[in-house]
1. Could you give the length gained by full extension between D187 and R572, i.e. 0.36 nm per residue of separation minus their alpha carbon distance, to one decimal place?
2. Applying 1/(1 + (r/R0)^6) with R0 = 25 Å to the Cβ-Cβ distance of T554 and V153, what FRET efficiency is obtained, to the nearest 0.05?
3. Restricting to DSSP loop positions (anything but H, G, I, E, B) with no more than 12 other Cβ atoms inside 10 Å of their own Cβ, which GluC sites (Glu not before Pro) remain in the stretch 295-377?
4. For the stretch 111-253, treating each Cα as an identical point scatterer without solvent, what Debye log10 I(q)/I(0) comes out at q = 0.11, 0.13, 0.18 1/Å?
5. Which Cα, out of Y559, P522, T475, lies furthest along the positive dipole direction of the stretch 468-581 (beta carbon charges, K/R +1, D/E -1)?
6. Using C-alpha positions alone, give me the convex hull volume of the stretch 468-581 per residue in cubic angstrom.
7. How many nm is it between the label spots at K375 and N453, if each spot is 7 Å from the Cα in line with the beta carbon?
8. Could you give log10 I(q)/I(0) at q = 0.22, 0.28, 0.32 Å⁻¹ for the stretch 364-416, computed by the Debye formula over C-alpha point scatterers of equal weight, without solvent?
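Each reported figure results from applying straightforward, stated rules to the coordinates on display, with no laboratory input. Since the structure is predicted, the reported quantities are computational estimates derived from the model, not experimental observations. Virtual Cβ from ideal backbone geometry, glycine too; neighbours counted across all protein chains shown.
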Amino acid sequence: MFSDAKPYSVRNGSGFTFRAELPVFFQGNLMSRAVTRIGIVLVFSVLVPCFPFRMESVGSAFPGFGSKEKKDKDTQKKPRDPIPENVLTDLEAGNTIFVGDHAFMAYTHPVHVIGFGLVTGLPGTGNDERPGLPRSMVLRDLQKRDVRKPREVIASTSTAVVVVRGIMREGIGIGESFDVKIECPPDSDVIGLRGGWLTKTALTYAETGEDGAFKTGKTVAYAEGPVLINPTANERDDPAEMTRGKVLGGGVATDSRYLCLVLKPESESEMIAARIAQEINHRFFIPGSKKGIASAKTEQLIELQIHPTYKNNIPRFTRIVQAIALYDNPQKLLERLEVLKGKLHVPQTSADASFQLEAIGLKAIPVLKTGLESKDEEVRFYSAVALAYLNETSAADILGEIVRDVPEFRVFALDALSTMRNDFGAERVLRALLHENSAETRYGAFRSLWLRNERDPVIRGENLGGHFNYHGIVTHGPALVHTTDNRRPEIVLFSTDIRLQGKFILDAGPYILVNNHRSADPDTVVITRLVSDGVNEERRVTTRLDDIIRGVVTLGGTYPDVIQLLHQAQDRGHLPCKLETDKLPESGRVYRRLPDKEEEKTEAKPKLTFREAVNPMTWFEKNNDKKNPSYYNAADNDPRQ
């Protein structure tokens, strides 16, 4: 009877496979399927006590069998989390609940990265590095790259082992750049790094183990580029300065740092996390895609992308996100707008009101516009800044006045103008500011125009020699040369006809000389590149600074070489105009608030001592009483925080 039996396999709940051979009469076509199943069940009724079968497993093999109760349980949806009691209490009391009441921002601080690299191209000022971690790390890297004779490369006087450090800002994305600082290890025999080039160096998070030893981890950035040394440093007076420098924009991120909202312990809930993400996405989305910037990952964590408008002002972005209201309805929103309108027109509460109105978005524009008509300078300022971040053109003229007339708010007004994309009003105001006498106003306006649109024909420059950004601006104001010492290598000439004066011999790095002694024509300058085989390269140009800079770059000069040339020309009296570096408006300046116009008319100005006249911050140190509304620090209500 079992000679023609066919095997049948069934897997139990423990993973054990049972093979049973079914008799032929159970397989016959004439037997009903019901009778066959009854026979199988009888067999298993004997075997179940011996093997840990689970009926749901049997049911999967034989349709119609198994635990229906279990199946129903699995298909049931998980019940939604109830709204926490503290939220219900606030809602019942009619209080407005904000994102910041439930969550706080994480990853809003920069992180330090570190690596060990090799500087090449030194004019005999390098040296071999002593045994230690920096040397071993660089040696290992050279061996990975299959560099021939790596030990001889490190020992050369044209190279130097250096420690590379950088700070990756919060919210940085893949491919974005940052500055890196380099310095020789302690007790190094290197004389100087001027004229050097940092080869590609991997950077990791700066971490140490329990024993204090350096730990290497995942590579999050790379660094490379020409080394910028303090242009006024020399081997005799500043030997330490010669062995440290920076590479502007030399670090490039290979990993992103997203901002995150972390829910407070009492608010941890999938419902609240989803609600927060929903409200943020209703207020902020990526232009052109309608895709929201917030994503609820867990009941504790919400990941945020930086909205393009706030790319250069992340502190303000985090503050606006936390000011977004939850559980608002149309009627409640109208009531809130009316309350915020009243607060906006009071200088003491204007800042907070403007943040909340900006968080509401487009529906708050009519309220913010009323602030532009206020007689109070502070109210107009906060209203205009919020409108600028909402890309409302009516804010441009007010912000332009503030840039010119109120130094305490200048940096914030310029930041706001830079966010007004494709707005002719902001463009017109910023172009007019290029002709002001103040160096920080002019360069601040240039930076804002560049952030708005790099291809703006008024400020559009070129990448000179692939080494730095070079801009020549036609202006009615006084001539000015501006350079940078952070972010990106850049030279801006405010006037296209600046000429060096007198007889001069100037250095542009260790290999290039610029002089007008060798020519009978006083308007002719000879630029010479010294080469090792004795055959020097020359270029003849005019005394125009633009021609000289281009000539130096043509002969292989880099950004640090041109910076050294400019500083020597200024120090020796050959540059007929000011040379400024990073002349941007500063935050933290003190703004003096006058509660009303009557006080402004009658209040006598205090007599200043010499120290107070030289340092305007002195009176603030004596009078910074926050209970006195006449004095306050502009940084306390910094629109970028």
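1. Values: separation 385, 0.36 × 385 = 138.60 nm, distance 3.44 nm.
Length gained between D187 and R572: 135.2 nm.
2. On the way: r = 29 Å, r/R0 = 1.17.
About 0.30, to the nearest 0.05.
3. Values: sites: E299, E303, E335, E338, E358, E373, E377; in loops: E299, E373.
Taking the stretch 295-377 and a limit of 12 other Cβ atoms within 10 Å, the loop GluC sites (Glu not before Pro) found are E373.
4. Once normalised to I(0) and log-transformed, intensities are -0.39, -0.54, -1.02.
5. Farthest towards the positive pole: T475.
6. Working: hull volume 11.3 nm³, N = 114.
That works out to 99 Å³ per residue.
7. Result: 3.9 nm between the two label points.
8. -0.68, -1.09, -1.37
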